[in-house]
Amino acid sequence: MGKNKYYCKIDGVVHNLSDVQEVLDGKSERNIVLIMYEEHGMDIVSANTFESVLRFNNNEIPSDYNEALRRWQEYNQARMPKSPPKPRCPRCGSTDTIKWYDTIDADNGVYVKRWSCKKCGKSWMN
Ligand SMILES: [Zn+2]
């Protein structure tokens, strides 16, 4: 951390974010999102993202914002819940399957969930 720690390169342009640094240092009560929006020409959505990246970066202004943004996005990506794996066809092992509902008792609205394999046509319950 040098004395110019509030210089931040955003999209190739170096911004002097001493106003943001004052907020981080507790010397200012201003809203970081509004500072980025009003003083540094960010749109409001990008300004909100900027603040999130800043928090992710241990409340330090990154010297290269785009690099910090990429790390933040990668972190969020890794935390995204994985979608459950699609069931495999018990006959051919394909995951190209579709879910559908088979009517057991239409009068009483009883259905069972079934899977069908688009590859070999097998259908099964699970
Ligand atoms: Zn199959």
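The values are calculated or read from the model by the stated rules, or taken from the named source; none is laboratory data. Just so you know, these numbers come straight off a predicted model, no measurement behind them. Because the Cβ atoms are built from the backbone with ideal geometry, glycine has one as well, and the counts that use them run over all protein chains shown.
Some values worked out for this structure:
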item: Residue match in region 75-87 (condition: surrounded by 11 or more Cβ atoms within 10 Å (Cβ to Cβ) and hydrophobic (A, V, I, L, M, F, W, C)); result: no
item: Scan of region 61-99 for residues that are modelled with pLDDT of 95 or more and of a type in the set (D, E, K, R), ordered by number; result: D64, E67, R70, R71, R91
